[in-house]
Amino acid sequence: MAKPPRTEEGWYALHDFRTVDWDAWRAAPEREREAAVEEGVAYLEEHERVVDAEEGASAVFSVLGHKADLMIVHFRPTLDALSAAERRFESTALAEFTDQPTSYVSVTEVSDYVSDSYFDSEVSETPREGGEAADDGEEETDEGIRRYIEGKLKPDIPDTEYVSFYPMSRKREAEQNWYTLEYEERSDLLSAHGEIGREYAGKIKQVIASSVGLDDYEWGVTLFGGDPADIKDIVYEMRFDEASAEYGEFGPFYVGRRFPPTDLGAYLDG
Ligand code: 76R
């Protein structure tokens, strides 16, 4: 048996999808719609300010297409806090006009691959000199890795406008089984994957959260970017890379646009 890489877990994630019952919305008396908007905005503002937990992040997105209308993303330190956030939404007057067509639960994770490959690339790109300089460099690298890992475990949600969410797994088939590859091979594949990823630095921020034992696929992937074409490009480019080309399996994709909670009424009244 190949040895599982060590992992460290951070915040739990809930991707809470909602459809709006547009017929009921249009038919509802104005004061009911006003109350729904008011409670919806209050809910979203409170959760974006994370008043319900010691730390975390939340954001709301309008989703394009038929799969959903809204996606509310919550990152929180515990599964219980996510559960509370989900139930709290149900108690708002807005929830009466919505259904939950789907949802996704996962937990952010950093594994051995990340620290190894990040460390290797840092070291190889930063030629060392002798004496004190080498010590300083080492401290900086350690600090750099610490901040990089912290950012993966406790991700913030950037202000960039667009988001894409999809679940994915690595194949477990007779000819292509990610889990029977040697660690070295998985690690090499993921560092090649990471090289492509880093070409999108400043354009795409990704949150990779494990959903093994928590939801139907193995990871939930959330990509944030200012330009939807960059989202399309990174996913397309990765399809040609071995880790995805040979071993990636993908669930449904959801694309959305972030909006400030105060725009909820404008969104609903179209
Ligand atoms: O630093 C490195 O060399 C590699 C670090 C790294 C790991 C270990 C990394 C970097 N990823 C890792 C693991 Mn990733 N990632 C995805 C997707 O659509 C697709 O084909 C895949 C969806 C994107 C877009 C993406 C982006 N990555 C993983 C894993 C877990 C594998 C495991 O544990 O077995 C998955 C499922 C996954 C999927 N990745 C990066 C990016 C980007 C942009 C980077 C570089 C930036 C960064 O390191 O933060």
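Of everything in the stretch 180-217 that's within 24 Å of His15 (Cβ to Cβ) and of a type in the set (Asp, Glu), which residue is most open to solvent (accessible area, probe 1.4 Å)?
Asp216
For the stretch 247-267, what are the residues that are open to solvent by less than 50 Å² (accessible area, probe 1.4 Å) and assigned to a strand (DSSP E or B)?
Gly248, Tyr254, Gly256, Arg258
Given the residues Val60, Val51, Val105, which is the only one that is of a type outside the set (S, T, N, Q) and part of a loop (DSSP other than H, G, I, E, B)? Can you show your working first?
Working: Val60 fails: part of a loop (DSSP other than H, G, I, E, B); Val105 fails: part of a loop (DSSP other than H, G, I, E, B).
Being of a type outside the set (S, T, N, Q) and part of a loop (DSSP other than H, G, I, E, B) holds for just one of Val60, Val51, Val105, which is Val51.
Which of (1) at pLDDT below 95; (2) part of a loop (DSSP other than H, G, I, E, B); (3) not polar (S, T, N, Q) is the odd one out, the single condition Ala68 does not satisfy?
(1)
Please verify whether Val37 is farther than 23 Å from Thr222 by Cα and free of Cβ contacts under 8 Å to residues at least 24 places away in the same chain, treating the condition exactly as stated.
Taking the combined requirement at face value, the residue does not satisfy it.
Would you check if there is a residue in the stretch 23-45 being within 16 Å of the ligand (Cβ to nearest atom) and more than 23 Å from Gly256 (Cα to Cα)?
Scanning the stretch 23-45, I find no residue that is within 16 Å of the ligand (Cβ to nearest atom) and more than 23 Å from Gly256 (Cα to Cα), so the answer is no.
Confirm whether Glu86 is out of contact with any helix residue (DSSP H, G or I) (no Cβ under 9 Å at 6 or more places or on another chain), modelled with pLDDT of 95 or more and over 21 Å from Ile145 (Cβ atoms).
When the stated conditions are applied, Glu86 passes them.
When only residues in the stretch 1-17 that are in contact with a Phe, Trp or Tyr (Cβ under 8 Å, 6 or more places away or on another chain) and surrounded by 14 or more Cβ atoms within 10 Å (Cβ to Cβ) count, which is farthest from Phe89 (Cα to Cα)?
Per the criteria, the residue is Pro5.
Need the failing condition index for Glu32 against (1) under 30 Å from Gln206 (Cβ atoms); (2) not in a loop (DSSP other than H, G, I, E, B), just the number.
(1)
Looking at the stretch 228-246 only, could you name the residues that are in contact (Cβ under 8 Å) with a residue 60 or more places away in the chain, in contact with a strand residue (DSSP E or B) (Cβ under 7 Å, 6 or more places away or on another chain) and open to solvent by 20 Å² or more (accessible area, probe 1.4 Å)?
Within the stretch 228-246, Pro228 is the sole residue that qualifies.
Open to solvent by less than 40 Å² (accessible area, probe 1.4 Å), farther than 25 Å from Glu9 by Cβ and modelled with pLDDT of 95 or more: does that describe Ala95?
Judged against the criteria, Ala95 is a match.
Under 7 Å between Cβ atoms, at least 6 apart or on separate chains: pull out the pairs that start in the stretch 192-211 with a residue that is free of Cβ contacts under 8 Å to residues at least 40 places away in the same chain and end on any residue that is near the ligand (Cβ under 8 Å from one of its atoms) and among the hydrophobic types (A, V, I, L, M, F, W, C).
Note: pairs meeting the criteria are Tyr200/Ile234; Ile204/Leu223; Ile204/Ile234; Gln206/Val221; Gln206/Leu223.
From Gly225, Gly270, grab the single residue that is closer than 27 Å to Ser62 by Cβ, of a type outside the set (A, V, I, L, M) and surrounded by fewer than 16 Cβ atoms within 10 Å (Cβ to Cβ).
Going through Gly225, Gly270 in turn, just one is closer than 27 Å to Ser62 by Cβ, of a type outside the set (A, V, I, L, M) and surrounded by fewer than 16 Cβ atoms within 10 Å (Cβ to Cβ): Gly270.
Return only the number of the condition from (1) under 18 Å from the mean Cα position of the chain (by Cα); (2) open to solvent by 90 Å² or more (accessible area, probe 1.4 Å); (3) without any contact (Cβ under 8 Å) to a residue 24 or more places away in the chain that Gly151 does not satisfy.
Condition (2) is where Gly151 drops out.
The values are calculated or read from the model by the stated rules, or taken from the named source; none is laboratory data. Not measured: the values here are computed from a predicted model. Glycine also receives a Cβ, built like all others from the backbone with ideal geometry; neighbour counts cover every protein chain displayed. All accessible areas refer to the heavy atoms of the entire protein, side chains included, with ligands and DNA or RNA removed. Shrake-Rupley method; radii C 1.70, N 1.55, O 1.52, S 1.80 Å.
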